[in-house]
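Q: Mind having a look at this structure? Questions to follow.
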Ligand SMILES: [Zn+2]
């Protein structure tokens, strides 16, 4: 598949030197006009981009991010913007703000944005006094800005053309790309953590750890889950990053995520003192995070169907492994597969999470839209999953016949009522039963977490 990355698709051809000089002149005129017309200090925001190619998607995004930060700082400081003008085109992006505040004070705020992180180094935020003179960094006691490449004063390097243009351009794009990728990975990983917290908080859950008890478990409680979730937070970023960096066939991505998966399991076991709280979910959410990263990093469509399809391709090799005889002691999933043909977390992921897509997510969305709390909607979704999914965790603990009997009982109850209060009572009653039968539908709980995860990232039609 030929994939072109976002930043490699120039929207505009490079501007010529003549055009750049002309644009500079126009912007200076614009500044003079605004100063004369409004009689207020002026912020002039542009990007530090070397070379003729100044307008491209990543640069536009950087400019938007800068505008967002400037607006936020001005608002926080209670400084009104009397007028805003923008000039964007082949020669780059520029924004001008006439503001109601002392120029030095404004310069302090904007310099803090420039200093705030890697992207800030690409912002050029000048502040002009009413008389048109510039407030320098020196005026407010700050050192000169430094070169992106060598760290010496930036002005020296640019005046002496110390570095080849291509090198500076490459470094600039690298800063933009890694900054936005980090933002993206953070956003996806945050949804994974949030989904795990929601799942464990949903109460009552038959046989499972929730806010009222430990279900059929004796070796873990809700705090064990909090310990595990906190330890896993950075791991999900890594799965997204694996996907972002990966070029090639998605089915080969699983192999490069394997080590991140082992690190995540290790982090979980260390945090819980050896208790398996999330092994299945590390796989399911890990594959989802890698799929999101893969689509984003390769500039592919990122709708939910595309994510689930990528999941099924990425997880396909794991399903193949189930069919081979396990090398070491079998996992819950391997035992359930060899005894009942259940393919568990690996099978669900390899099929693109069909139960989540066709049952759980539509139900969660409609119950939330009808005004149910995440808790009550979560309980209903979990019951529907228990009634339909072949849960490898539950079967490995209780045996197939017991599990099938419980499933048909849940199915019967669900066919009789959809009243939220009655479903909560049903779940509470089932909890007693599951504890006595030693059933813990951990696979369904994982799918509930996957459902929450997708609902956060794809809220669906409003
Ligand atoms: Zn330098």
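Here, each number is a calculation from the coordinates, and none is a lab measurement. These numbers come from a predicted model, not from an experiment. Using ideal geometry, Cβ is built from the backbone for each residue, glycine included, and neighbour counts are taken over all protein chains shown.
Q: Which angle from 0 to 90°, rounded to the nearest 10, does the C-alpha axis of helix 420-437 make with the longest principal axis of the chain?
A: 60
Q: Could you list 239, 353 in order of exposure, starting from the residue whose Cβ has the fewest other Cβ atoms within 10 Å?
A: Numbers: 239 28, 353 25.
Fewest-to-most Cβ neighbours within 10 Å comes out as 353, 239.
Q: Please compute the modelled spin-label separation between residue 75 and residue 146, points set 7 Å along Cα→Cβ, answer in nm with one decimal.
A: 3.3
Q: Then there's this: Which angle between 0 and 90 degrees, to the nearest 10, do you get for helix 222-245 versus the longest principal axis of the chain when only C-alpha atoms count?
A: Approximately 50 degrees, to the nearest ten.
Q: If one takes the longest principal axis of the Cα atoms in the chain, at what angle in degrees, from 0 to 90 and to the nearest 10, does the Cα axis of helix 165-201 lie?
A: Approximately 30 degrees, to the nearest ten.
Q: Quickly work out the residue 456-to-residue 64 label distance, labels modelled 7 Å from Cα along the C-beta direction, and quote it in nm with one decimal.
A: 2.2
Q: Another question, if that's okay. With labels modelled as points extended 7 Å from the Cα through the Cβ direction, what inter-label distance (nm, one decimal) is found for residue 162 paired with residue 259?
A: 3.5
Q: What would the Debye equation give as log₁₀ I(q)/I(0) for the chain at q = 0.07, 0.11 Å⁻¹, counting only Cα atoms as equal point scatterers?
A: -0.50, -0.91
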